[in-house]
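One structure below.
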Amino acid sequence: MFRFRRYRMLLICAFVITMLLYHVSKNSQWDRSSEFWHGGAGLNVEERPRPYSPPASEPVHGHDHNNQAGTDVGTNGDEHTFGPHDIDHPEEPQRGSPPPPAPSTLDPESTIQIAQLKSVDQEGAGYGLPTKAPTVPGWKTPNNHAEPQEQNKVVSTEAAATTSTIHWQKPKEWFPVPKESIIPLPTGKPQAIPAIQFAFAEESPTDKEIRLGRLAKIKTEAQRAWSGYREYAWTHDELKPVSKKSKDPFCGWAATLVDTLDTLWIMGMKDEFDEAVEAVRDIDFTTTPYRDDIPVFETIIRYLGGMVGAYDMTGGDPKYRILLDKAVELAEILMGVFDTPNRLPILYYNWKPSYNKNPRRASSHSGVAEIGSMTMEFTRLAQLTGEDKYYDAIARIVDALEELQNREHGTAIPGLFPEHLDASGCNRSAPLPPGPQHNSPGTPEQVVVPPPPNTGFRRGPQARRREPRQKRAATPNNGPTTRDPEEFPPGWECVPQNLTVGGWGGGSFSMGGNQDSTYEYFPKQYLMLGGLEPKYRTMHEKTADAVKEYLLFRPMAEGDPDILFSAKAYSSDGTTKKMTYEFEVTHLTCFLGGMFGLGGKIFNRPEDVEIGERLTDGCVWAYESMPAGVMPEHSFVVPCKDPTDCHFDKTTWYRAIDPTSQETRDQQMEDYKANMAKWKVNVEKAKAENALAEERRRLAAVAPARANDETEVVGSTKTSPVERSTLETRDFPSYETAPKPGGKLQDIMDAASNNVITVADQQPLDEMPLPIEPLRPLTHLEYVEDRIKKDHIPPGFSNLRDKRYILRPEAIESVWYMYRITGDRSWQEKGWRMFEAVIRATRTDVAHTAIRDVTTKEPGNEADMEDSMESFWLAETLKYFYLLFETPDVVSLDEWVLNTEAHPFRRPK
Ligand SMILES: *[C@@H]1O[C@H](CO)[C@@H](O)[C@H](O)[C@H]1NC(C)=O
Ligand SMILES: *[C@@H]1O[C@H](CO)[C@@H](O)[C@H](O)[C@H]1NC(C)=O
């Protein structure tokens, strides 16, 4: 019996040691769960240092408060929606040049087409989307990534499979804007707008040589990424750069191809451009096998912006007219999203004709970035086609945003919008007035489902919120036109209301993911309209003032650099009285330097240009602080108490990493001492028992009859509250650590993970295991140093919540703006260091990949690679790197304005 137990004990110990080794080798992952708790400890406003104070010489800004939209990637209001899908196509064409285009079989008039498919793999691989993964009526794009593949397999089995492909069809309009009410593009002579770019002088021959050398290196990397895409993922949305497969999260309309068009043009890759334009010809925007809903924001910034920008770059060359035609084709489909009573857009558009039988409303929790970032693309399209309806569509959104920004108590931070807005136009808490026309029993309540934790991504599937199917409701009386109420489904009516704060996260404000580009577009839209619409200026100024007042802060960093970041603020009561802050540093927020620089130049706010530089330097600092030289996706820093007199202080930094109070730590030590005393007693007891057992054995040996004694002695020592670095250090439950043979394995592992040495291990044969010695709790210093070592936390950071770098552009974007605006060559040097670090960390055999951990000095190994290359890598990141070393006349900011996906649109002359 004893013997058996002992062997089991040995086995368990061996297992535990193996686990220990494993954890040690992977300690960064090991500790991930703790990051959440330690990092973003929001400070109360009382303890909040003044985030930003203008230089003494500057006048303090008053608050003109407007409301801005925060954003969250939104959701569709009243139809089911599904997330984007990461779909692999392992059986897609692998090598050689792109396949010949499949004939376009689109018949826009027919709802359902029956397509005869020979083989999914061959026919139009990548081109004729309907043939790739056919849909059948009622088939819903599953969230399970594997399923579409299954579909492929089923269909591609040998002989011809018959399947029906559903196409979008122009729906009847429920709430058309009467011709006479269409808001036209502003007309007149464009206003004089101050020059944005620095007046660059001739460069020296040496400078030129260095610059051209760098330019060539950047182009080589772009060519590499493009060839990888062309070879392994042609006409799919994205290349998977490690596995050399493809995926289609954006409806499978060749997102990377469309997004890269103008980059190819700018880099002088003319043949590649022509080939890509030909491929655009064959994209069928009227159908997709991958999703039931079109993600409107992503589709507009990447596809619509991509085609319009590329067309503009060619100078409107009739040879490339197809780009504009396809943009119009896509825009016509997207116009359906504005067919709501208040003309505010649906953000996830259920495009199948079966969804268009009933009227719809915009979502009651629309993401701000999504709702506010359509303006530039539709404005440029209206300018290029002369169709005011495209401008009307977005002008109504901006009017609603402006009204909310100016409304008294419209949002908690005057001037800014919270993450979500209620764009439904329906006040569901207001009772319907009685009347004969209200034949419905009442307004159905919306189902409210708590949102998932905010991941803070502007793009990508992670950020999506889904709204459950919503019952239709409300009267059509707040739309531009009305219809016979009989036509509307029961429960449609509701009391109308304007755009308002709503949905979840109603009180969260930041310049990061889900909110960013709405603000970014105010000054850019001002440029698009040649300054003829002054509201964009006031909206920008209110935003900038509010950001300075409420969000900007200086971090405490080694060497005391004069840099800024923008925090995330939460209001708990709808005002600025009770605010909590997260001093976060996210890659997405890095666009803000460029925005302040641009706005500062065109609206003559020199202080803003300076702020733009300090914000951009913040991101450069974050890059250079990391072992890989690349900034992580999401981290936290320590704010300065006094932004004008701030010195790096290790004690403060350590305190931010470990906010556990000294009192708590003292208590832990007290408990430990008490437990130690108990443990000693128990050890003595166990020894005594063992001695007794030994004595019995001796007697038994003497007498042939063996004493049949199975008395167990179990050490029952309580350990002190043990420091467990994976948990917040608040409440440490005491738990039994004595590894009773047959006791809970988890306990043993817990003990082992805390480096408890099992004394039992050293017991001679047939003796009782002694109780485990309590673990001494870590001191503050030990704890912090352990975390810094395990998590590779650089000085100044309190937490690295998300260590990935996913090829994002925002930092180099701002660096480029700063270079073009200030003419300071040091920005080129900073950008070049970023480029070298990024390439070193992300290069794969065939392209570049998102990486998991920027705190590894030697990234580059496959385990650290995410196998993902989003379309913005070629569309934005490499383009900005390239433009930083191009001559300033190439995409001059005085002639061009770039959308949030870096697609250049021509400014009016
Ligand atoms: C909705 O209606 C309620 C009740 O009539 C009212 O108190 C509230 O202010 C309304 N909300 C909005 C945003 O108009
Ligand atoms: C709603 O917006 C309109 C302008 O679009 C404005 O005239 C009206 O006062 C607003 N209503 C409320 C209740 O804020």
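The values are calculated or read from the model by the stated rules, or taken from the named source; none is laboratory data. This structure is a prediction, so every number in the text was calculated from the model and none was measured. Note that each Cβ is placed from the backbone with ideal geometry, even for glycine, and that neighbours are counted across all protein chains shown.
The set of residues in segment 390-410 being more than 24 Å from the chain's Cα centre (by Cα), more than 10 Å from ligand 2 (Cβ to nearest atom) and within 14 Å of residue 500 (Cβ to Cβ) consists of 405, 409. The set of residues from segment 406-420 being modelled with pLDDT of 95 or more and either within 11 Å of ligand 1 (Cβ to nearest atom) or in a helix (DSSP H, G or I) (or both) comprises 406, 407.
Residue pairs whose Cβ atoms lie under 7 Å apart, separated by 6 or more positions or on different chains, with the first residue in segment 398-412 and in contact (Cβ under 8 Å) with a residue 24 or more places away in the chain and the second small (Gly, Ala, Ser) and more than 10 Å from ligand 2 (Cβ to nearest atom), are 401/69; 401/372; 405/415; 412/507; 412/571; 412/574. Under the condition of being of a type in the set (S, T, N, Q) and either surrounded by fewer than 24 Cβ atoms within 10 Å (Cβ to Cβ) or in a loop (DSSP other than H, G, I, E, B) (or both), the residues counted in segment 380-405 number 2. Only residues that are at pLDDT 85 or above and assigned to a loop (DSSP other than H, G, I, E, B): list them for segment 475-509, please. Matches in segment 475-509: 492, 493, 494, 497, 498, 499.
Screening segment 554-580 for residues that are buried (at least 24 other Cβ atoms within 10 Å of the Cβ) and in a strand (DSSP E or B) and picking the one that is farthest from the chain's Cα centre (by Cα) gives 555. Number of residues in segment 261-305 that are at pLDDT below 95 and either in a helix (DSSP H, G or I) or at positive phi (or both): the value is 0.
Please determine whether any residue of segment 574-589 is modelled with pLDDT under 95 and either acidic (Asp, Glu) or closer than 29 Å to residue 805 by Cα (or both).
Yes, segment 574-589 has at least one match.
Yes/no per residue for (1) among the charged types (D, E, K, R); (2) outside any helix (DSSP H, G or I); (3) at pLDDT below 95:
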{"residue": "596", "(1), (2), (3)": "no, no, no"}
{"residue": "608", "(1), (2), (3)": "yes, no, no"}
{"residue": "615", "(1), (2), (3)": "no, no, no"}
{"residue": "646", "(1), (2), (3)": "no, yes, no"}
{"residue": "668", "(1), (2), (3)": "no, no, yes"}
{"residue": "689", "(1), (2), (3)": "yes, no, yes"}
{"residue": "701", "(1), (2), (3)": "no, no, yes"}
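Being out of contact with any Lys or Arg (no Cβ under 9 Å at 6 or more places or on another chain), in contact (Cβ under 8 Å) with a residue 40 or more places away in the chain and more than 30 Å from residue 488 (Cα to Cα) narrows it down to one residue among 316, 386, 306, 372; which is it? On inspection, the qualifying residue turns out to be 306. One residue stands out among those in segment 377-405 that are touching a strand residue (DSSP E or B) at 6+ places or on another chain (Cβ under 9 Å) and among the charged types (D, E, K, R): the one that is nearest to ligand 1 (Cβ to nearest atom), which is 402.
Among the residues of segment 583-591, is any surrounded by fewer than 23 Cβ atoms within 10 Å (Cβ to Cβ), more than 16 Å from ligand 1 (Cβ to nearest atom) and either more than 21 Å from residue 411 (Cα to Cα) or not assigned by TED's automatic domain parsing to the domain that holds residue 426 (or both)? Yes.
Mind checking which residues of segment 547-572 are touching a Gly at 6+ places or on another chain (Cβ under 7 Å) and either of a type in the set (Ser, Thr, Tyr) or on the phi > 0 side of the Ramachandran plot (or both)? Matches in segment 547-572: 570, 571, 572. Condition check for residue 844 on (1) within 22 Å of the chain's Cα centre (by Cα); (2) closer than 25 Å to residue 302 by Cα: one failure, at (1).
Count of segment 816-833 residues, restricted to those that are under 18 Å from residue 213 (Cα atoms) and small (Gly, Ala, Ser), is 2. So, residue 760, is that one of a type in the set (Gly, Ala, Ser), at pLDDT 95 or above and either surrounded by 23 or more Cβ atoms within 10 Å (Cβ to Cβ) or assigned by TED's automatic domain parsing to the domain that holds residue 556 (or both) or not? In short, no.
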